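What follows is a short report on a single structure.
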Amino acid sequence: MPSERDYQIRPIAQDSVVHNSKTLSNLHSLAGSLFGVSAGILGLESYSGFLFYLILSTITTLLFYVVQVAPESFAEKRPVLNTGRYFLSALDFWTSGIFGGLSGFVLTWTLFYGLVRA
């Protein structure tokens, strides 16, 4: 947990944290829709479709972390899985996108499943 001195040296700008969270949310919404198209075309049903979404959404978050967050953490010599400087919390970073893109996934999944199977 950073001390008050750490915050004085490297302050956290709330506008940047909100922007980062919004960017990740937009990424998951778009990716969820694309995963829904894929699941519908593949004809996935029931648990296999939701498992497909869960795995791909986790991979998307992991790739976002590797490309955007980890290089800056390495440059500042911070702990590797510390996302608190860029997002509200680590739990918010790893889980919010999964639930945020779920509705778009289900919508496009059922649409494309119906189009392909009709």
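Note that region 36-48 has calculated 3J(HN,Hα) couplings of x, 4, 5, 5, x, 5, 6, x, 6, 10, 6, 5, 5 Hz, one per residue in order, obtained from phi through the Karplus relation 6.51 cos²θ - 1.76 cosθ + 1.60 (θ = phi - 60°); glycine and proline are x. Coupling constants for region 15-21 follow from the phi torsions by the Karplus curve (6.51 cos²θ - 1.76 cosθ + 1.60, θ = phi - 60°), and in residue order they are 4, 5, 5, 5, 4, 5, 5 Hz; glycine and proline get x.
Spin-label model, I55/Q14: points 7 Å from Cα along the beta carbon direction are separated by 4.2 nm. In sequence order, region 99-108 has phi-based couplings of 7, x, x, 5, 5, x, 5, 4, 4, 6 Hz under the Karplus curve 6.51 cos²θ - 1.76 cosθ + 1.60, θ = phi - 60°, and Gly or Pro positions carry x.
Database remark: amide H of L44 closer than 5 angstrom to no amide H (H placed geometrically; neighbours at sequence offset of 5 or more, or on other chains; Pro and chain starts carry no H).
Just so you know, all these numbers are worked out from the coordinates, no wet-lab data involved. Because the structure is predicted, anything quoted here is derived from the model rather than measured. Positions of Cβ are backbone-derived with ideal geometry, glycine not excepted, and every protein chain shown enters the neighbour counts.
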